[in-house]
Ligand SMILES: [Fe+2]
């Protein structure tokens, strides 16, 4: 993987059609019209409905629409009761898991079977039903991506395929105004790490050509990642502590979306790989698992990315050190400060892990090829040395 021969000089960049701005959901009718959808299925969950967000989003829909309530986190046993009659498209409304359920519904409506038939990369045989995604949180970026996370026999698995990327996404900051602080903090921290990992990932020229479009950080993705990082870093705390602050909500909506577009093309890295390991072992929310994995992941990658972390720290205004080592350290410390300020957990121990979990953590992290291939430092067994320091 450290072969200095550039593997891919060619770049691709894929994104759904995007409408961004307060009131973007008013375009739902127009979006369905462009896709030729006359009988949509709305996929959401009870929480989104009970918060009153669903009614607000569907307000502009002139046609009757059947609603399918997905479980909070999709699993391969779901969707047996998916209505199929007279459905010609899907509108997914909700947080990341809801949007993932919408992608699965659009997949199963056309190709049948169950989600487990499609686990892995490039297992979707052709186009799925027309899909409009309306995110109601600012975090996962699922509305922009080609991936679904689905639980199968207790383990979180990925389904990645270009056919899963929504056709149209309506990013409306106004629908996030009522989001509770804890949800804002967790999902926003996810967006922060998406921006950071896609910005500082392995350069695309050193990532092998593969079916899935995680190509490594590249000239098309980096400007989006950088902008996303600045937007999220500059607004996340305000959005958490003052949820009705429209400027903060708008910045978070845009930042999290740009981060989703960027990472779905560039890929992520060790922080997400470690966090997925922690998530699988503890069942804790993704945002919390990222919170405890941020510093270990950054420390592990520091030898390969000191200059970049230093530049980011200076760019965000958290350090004025000329010396790269000190500036990079200041940036890592800023990650900790942000995490703490948001009330997110700060250690593996806080999530119930201890030194006895080290071997499993290393093993479960090293198998995540999808994430590790775009990490700036080649991840080997030595990641255990770093993890051990944080396991107490
Ligand atoms: Fe994430």
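Using only the alpha-carbon atoms, how far is helix 286-316 inclined from the longest principal axis of the chain? Give it as 0 to 90 degrees, nearest 10.
Approximately 60 degrees, to the nearest ten.
Which of 176, 14, 277 ends up with the largest GNM mean-square fluctuation for the chain, with Cα atoms connected below 10 Å?
For the chain, modelled as a Gaussian network with Cα springs under 10 Å, the answer is 14.
Mean projection of the alpha-carbon convex hull of segment 15-86 over all orientations, in nm²?
Projected over every direction and averaged, the Cα hull of segment 15-86 covers 6.1 nm².
Over all directions, how big on average is the projection of the convex hull of the alpha-carbon atoms in segment 147-288, in square nanometres?
Numbers: hull surface 36.0 nm².
Convex hull of Cα atoms, orientation-averaged projection: 9.0 nm².
Where does the chain land at 222 nm, in deg cm²/dmol rounded to the nearest 500, when only DSSP H runs of n ≥ 4 count, each adding -39500 (n - 2.57), divided by all residues?
Numbers: 13 runs with 178 residues, N = 392.
-14500 deg cm²/dmol, from helical runs alone.
Within the chain, what percent of beta bridges assigned by DSSP are antiparallel, to the nearest 5?
20
Compute the relative contact order of segment 17-176 as a whole-number percentage, counting only Cα pairs closer than 8 Å that sit 6 or more residues apart in sequence. Present the calculation step by step, with values, prior to reporting the outcome.
Working: 352 pairs, mean separation 45.8, N = 160.
RCO, segment 17-176: 29 percent.
Can you give the FRET efficiency to the nearest 0.05 for residue 323 and residue 209, using r as the Cβ-Cβ distance and R₀ = 45 Å?
My answer for the efficiency is 0.75.
With just the Cα atoms defining each centre, how far is segment 213-287 from segment 70-116? Give it in Å.
Distance between centres, Cα-based: 24 Å.
Using the Cα gyration tensor of segment 181-390, with a ≥ b ≥ c the square roots of its eigenvalues, what is the shape: rounded (a/c below 1.5), prolate (a/b larger than b/c) or oblate (neither)?
Here segment 181-390 falls in the rounded category.
Direction-averaged shadow area of the convex hull around the Cα atoms of segment 17-176, nm²?
Taking the Cα atoms of segment 17-176, their convex hull projects to 8.2 nm² on average.
Relative contact order (percent) for segment 138-239, with alpha-carbon contacts under 8 angstrom and 6 or more residues of separation?
26
In bins 20 Å wide, starting from 0, what share of all Cα pairs of the chain does each bin hold, as a percent?
Per 20 Å bin, starting at 0, the Cα pair percentages come out as 30, 60, 11, 0.
With the chain treated as a Gaussian network of Cα nodes joined by springs under 10 Å, which of 381, 288, 73 yields the largest mean-square fluctuation?
Top of the fluctuation ranking is 381.
Under the classification rounded if a/c is under 1.5, otherwise prolate if a/b is larger than b/c and oblate if not, where does segment 258-383 fall, given a ≥ b ≥ c as square roots of the Cα gyration tensor eigenvalues?
Here segment 258-383 falls in the prolate category.
Treating the angle as unsigned and between 0 and 90°, give the value, to the nearest 10°, between the Cα long axis of helix 181-199 and the longest Cα principal axis of the chain.
Here the helix axis deviates by roughly 60 degrees.
Pick out which of 237, 197, 66 has the largest mean-square fluctuation in a Gaussian network model of the chain, springs linking Cα atoms closer than 10 Å.
66
Taking the chain as the reference, fit the longest principal axis to its C-alpha atoms, fit the long axis of helix 270-282 to the helix C-alpha atoms, and give the angle between the two in degrees, 0 to 90, nearest 10.
Once rounded, one gets 70 degrees.
Here, each number is a calculation from the coordinates, and none is a lab measurement. Worth saying up front: this structure is predicted, and the values here are computed from it rather than measured. So basically every Cβ, Gly included, is an ideal-geometry build from the backbone, and we count neighbours across all protein chains shown.
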